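**Q** My structure is below; once you've seen it, I'll send some questions.
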Amino acid sequence: MIITTCGNSLTLTKRLAKALNVPFSPLTVSAFPDGEVYIKFNTTLKDKIIVIVESFQPHPDQSLLRTIFAAETARDLGAKRIILIAPYLAYLRQDARFHPGEAISSKIVGKLLSSCVDKIITFDPHLHRYRSLNAVFSIPSTVLTANDLIVNYIKKKYPKAVLVGPDWESSQWAERIAKKVGTESTIFEKKRYSSRKVRVEMIKPISLKNKQVLIVDDIISTGHTLIEAAKKAYREGAKKVIAVGIHGIFAENAWTKLKKANITKIVTTNCIAHPTNTIDIVPLLTKELQKEKRR
Ligand code: R5P
């Protein structure tokens, strides 16, 4: 087994290789002067299992193309099996044609990746209209969840916090985690007016007065969902607001805006590399790849 990355998950990949005691083989990844992708393997791949670890953030398009080039090249060079670990799988949110003429991005990305890798492993994918990744990929896929890691974090750091999911899609994380922590929870109702404008309301009222409120969401992108949810929690009397996101994208100037939002602490998993990374997914990935090594 050989482990590599196209660049977005360097620290994670190196740590994973070390934990598994398998070689990390860096790819040469660059671009021609006109911007075209250049990929080069620097080791023999014949009859080996190649694991490409690549979160599709930042620069999802570039990352996707690099991954396709790497996987196709590995196949061409005789790799026995190609596994893609995409801790953050991009493009899943465009899972329908919301307006006439739109591309259903998730289907397209699924088709592209299914054609060049043998298996995909990901964390907490944003499954909304699809029930499982089988609706996206024609290859086997494994979905891992950071829920138990988040439960452990909360139990250790904020055992008394009330959990809030900022929209009903987040209930699969917030409610399940709250149950395991053994704490109260509620789900806000979110209205999205545009990518950058959202409003939230509390539909299942619980008291947030003088409470530590912990907002749990799968993705922090522009940060607007989190900012609005935090404002609502403070309006309801919360003493402090903490936020846990599985995939911290922090698009545009989200980080600057969030720093002004009076959120006591923002914590993410290392599915996407960011200074807020606190919850480590390496042990779960190690376990998963140990199974692949034994196959
Ligand atoms: C959407 O349903 C997701 O669960 C997140 O709430 C959303 O992607 C966050 O986006 P933003 O940070 O741009 O508000």
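The values are calculated or read from the model by the stated rules, or taken from the named source; none is laboratory data. It should be emphasised that the depicted structure is a prediction, and the values quoted were computed from it without experimental measurement. All Cβ positions, even for glycine, are placed from backbone atoms using ideal geometry, and neighbour counts span all protein chains on display. For accessibility, only protein heavy atoms count, side chains too; no ligands or nucleic acids. Shrake-Rupley method; radii C 1.70, N 1.55, O 1.52, S 1.80 Å.
**Q** Report whether or not Thr67 is more than 26 Å from the chain's Cα centre (by Cα), in contact (Cβ under 8 Å) with a residue 40 or more places away in the chain and either closer than 23 Å to Val22 by Cα or assigned to a strand (DSSP E or B) (or both). Step through it out loud before you land on a result.
**A** Working: more than 26 Å from the chain's Cα centre (by Cα): no; in contact (Cβ under 8 Å) with a residue 40 or more places away in the chain: yes; either closer than 23 Å to Val22 by Cα or assigned to a strand (DSSP E or B) (or both): yes.
No, not satisfied.
**Q** Would you confirm whether or not segment 156-171 contains a residue that is free of Cβ contacts under 8 Å to residues at least 40 places away in the same chain, within 14 Å of the ligand (Cβ to nearest atom) and farther than 18 Å from Gly237 by Cα?
**A** yes
**Q** Considering Gln62, Gln57, which residue is part of a loop (DSSP other than H, G, I, E, B) and of a type outside the set (Gly, Ala, Ser)?
**A** Gln57
**Q** State whether one or more residues within segment 70-82 are open to solvent by 30 Å² or more (accessible area, probe 1.4 Å) and either under 24 Å from Pro283 (Cα atoms) or of a type in the set (Gly, Ala, Ser) (or both).
**A** yes
**Q** Could you figure out which of (1) touching a Gly at 6+ places or on another chain (Cβ under 9 Å); (2) within 16 Å of the ligand (Cβ to nearest atom); (3) aromatic (Phe, Trp, Tyr) isn't true of Tyr130?
**A** Only one criterion is unmet by Tyr130, namely (1).
**Q** Please go through (1) surrounded by fewer than 18 Cβ atoms within 10 Å (Cβ to Cβ); (2) in contact with a strand residue (DSSP E or B) (Cβ under 7 Å, 6 or more places away or on another chain) for Thr13 and return the number of the only condition it doesn't satisfy.
**A** All conditions pass for Thr13, except number (1).
**Q** Go through segment 258-285 and report how many residues are surrounded by fewer than 16 Cβ atoms within 10 Å (Cβ to Cβ) and farther than 12 Å from Leu149 by Cα.
**A** 6
**Q** Working only within segment 133-155, note down all residues that are assigned to a loop (DSSP other than H, G, I, E, B) and away from the ligand (no atom under 16 Å from the Cβ).
**A** First pass over segment 133-155, keeping only residues assigned to a loop (DSSP other than H, G, I, E, B): 136-140, 145-146.
Hits for segment 133-155 are Val136, Phe137, Ser138, Ile139, Pro140.
**Q** Within segment 180-272, which strands (runs of 3 or more DSSP E) (wholly inside it) include 1 or more residues that are over 30 Å from Ile85 (Cβ atoms), touching a residue at least 24 places away in the same chain (Cβ under 8 Å) and within 11 Å of the ligand (Cβ to nearest atom)? Show your work before the answer.
**A** On the way: elements: 185-194, 197-202, 212-220, 240-248, 265-269.
Because the criterion is at least 1 residues that are over 30 Å from Ile85 (Cβ atoms), touching a residue at least 24 places away in the same chain (Cβ under 8 Å) and within 11 Å of the ligand (Cβ to nearest atom), the strands (runs of 3 or more DSSP E) in segment 180-272 that meet it are 185-194, 197-202.
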